[in-house]
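Contents: one structure, followed by commentary.
The values are calculated or read from the model by the stated rules, or taken from the named source; none is laboratory data. For clarity, every value in this text was computed on a predicted model and none was experimentally measured. No Cβ is skipped: glycine too gets one built from the backbone with ideal geometry, and neighbour counts run over all protein chains shown.
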Amino acid sequence: MASHLASLVSTATAKATDQPVTKGSSFADVELAENNANYVKTFDALVGDKGRKHLMPKRGIAIICCMDARLDPVNMCGLEVGDAHIIRNGGGRAADAMRSLIGSQEALQTREIVVIHHEDCGYSHASTPVIQKALKSRTPDGAHPLVDAISLQEFSDPKESVREDVAFLRTNPLVHPESMISGWYYSVQNGELTRVI
Ligand SMILES: [Zn+2]
């Protein structure tokens, strides 16, 4: 089964890389290059050395938060470019963030972890079985073991899930023992962060 899945993936990869680059109507085709050219014009004034120097985050902070498009973690925390690692995933789940967090702590010396979950999170409305059913309806049978292995790590109460994730981090032997870890709840209605733990 594993070799069959590997074959599916390699076939898909070959097809993707064989495709010539064509211009269509996507954001990347129409806007991205021009938007970036404008960003480059303002880079010195707005970012400058904050974006050039200090590979290690200046404040030694790693923030784990949801990928939700309404969240602006750098500004909601009063930080600047270069201050912190922002590790984002669906729901802002700590277990999902471990690969990045380990790099952040071991290679780049961050020692404070801030976990932020939020009001009206998509992962508090999501259902793993529903997503698995949708995926199975559009994928070949050979991919279904991959679908069965998926967990969205959904939750019903973002204040409870943030407590769970802080407990997960505080008891995880891979997390640096000197870590300062807190958990917060963010309101999408007014931008307020409330400390949960
Ligand atoms: Zn969310």
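Brief remarks follow.
- Filter result for Ser182 (surrounded by 12 or more Cβ atoms within 10 Å (Cβ to Cβ), among the polar types (S, T, N, Q) and assigned to a helix (DSSP H, G or I)): no
- Looking only at region 147-159, and only at residues there that are out of contact with any strand residue (DSSP E or B) (no Cβ under 9 Å at 6 or more places or on another chain) and in a helix (DSSP H, G or I), the one that is surrounded by the fewest Cβ atoms within 10 Å (Cβ to Cβ): Asp148
- Subset of region 64-92 [surrounded by 15 or more Cβ atoms within 10 Å (Cβ to Cβ), within 18 Å of Thr194 (Cβ to Cβ) and either outside the structural domain of Glu112 (by TED's automatic domain parsing) or within 14 Å of the ligand (Cβ to nearest atom) (or both)]: Ile64, Cys65, Cys66, Asp68, Leu71, Pro73, Met76, Gly91, Gly92
- Count of residues meeting criterion [in a helix (DSSP H, G or I) and farther than 22 Å from Val188 by Cβ] in region 96-146: 26
- Selection status of Leu169, surrounded by 16 or more Cβ atoms within 10 Å (Cβ to Cβ), assigned by TED's automatic domain parsing to the domain that holds Cys77 and closer than 14 Å to Cys65 by Cβ: yes
- Residue in region 112-133 that is more than 30 Å from Lys58 (Cα to Cα), surrounded by 19 or more Cβ atoms within 10 Å (Cβ to Cβ) and within 12 Å of the ligand (Cβ to nearest atom) present: yes
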